[in-house]
Ligand SMILES: [Zn+2]
């Protein structure tokens with residue numbers, strides 16, 4: 001089930017206030033004690049917004065993700081499908097759609113597809129991302145959020161770019177959108193290979 005766990009978390013969870021989040025961001029660091037220095041903190045960005053609240057660039061990004069959502073593949077279970085888009089520093093947008101499999105462990109999430117596609121054309125210079133999802137009935141009420149695997153995958157791009165990367169996560173009708181960032185989605189990443 002592509003992204004289903006994240007969906008359930010959003011339904012049952014609550015979004016921390018900007019103040020709570022800001023306090024948390026100050027204590028950001030590696031669990032092994034090595035400080036992680038990433039420039040470009042994105043403050044006060046975890047909020048529910050609507051499509052009309054987005055900037056022109058953000059609208060373009062989420063619209064690109066929505067278009068590629070039509071190519072997502074998941075005939076199984078929840079039939080949750082996700083479209084993702086990543087903007088590279090040239091301004092171009094690279095897209096990815098989720099692809100499920102009879103063996104769910106090999107499902108490909110849209111986020112990783114888009115980021116790997118960008119890498120494949122020689123671009124790891126990601127400056128922003130957007131994702132949007134649907135369910136079997138074509139509707140996801142709450143914003144789709146990256147799964148834990150994708151958050152770890154995305155975190156690699158923080159190290160590559162040495163700056164935080166914004167991401168907007170939308171429900172299917174684009175009337176509930178969360179604006180957050182890679183760093184915010186995974187403040188304490190696994191860093192095994194970096195030791
Ligand atoms: Zn994922």
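The values are calculated or read from the model by the stated rules, or taken from the named source; none is laboratory data. The model shown is predicted, which means the values in this text are computed figures rather than measured ones. Neighbour counts run over all protein chains shown; Cβ positions are idealised from the backbone, glycine included.
Below are the figures for this structure:
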quantity	calculated
Strands (runs of 3 or more DSSP E) (entirely within the stretch 83-195) containing at least 3 residues that are surrounded by 21 or more Cβ atoms within 10 Å (Cβ to Cβ) and free of Cβ contacts under 8 Å to residues at least 60 places away in the same chain	93-97
Filtered residue count, the stretch 95-114, keeping only those that are closer than 19 Å to residue 126 by Cα and more than 10 Å from the ligand (Cβ to nearest atom)	4
Residue in the stretch 120-140 that is farthest from residue 61 (Cα to Cα), counting only those that are within 16 Å of the ligand (Cβ to nearest atom) and at pLDDT 95 or above	134
Subset of the stretch 113-143 (residues that are in contact with a helix residue (DSSP H, G or I) (Cβ under 9 Å, 6 or more places away or on another chain) and more than 28 Å from residue 192 (Cβ to Cβ))	130, 132, 133, 134, 135, 140, 141, 142, 143
Single residue of the stretch 62-82 satisfying the filter (free of Cβ contacts under 8 Å to residues at least 40 places away in the same chain and farther than 23 Å from residue 128 by Cβ) that is surrounded by the most Cβ atoms within 10 Å (Cβ to Cβ)	73
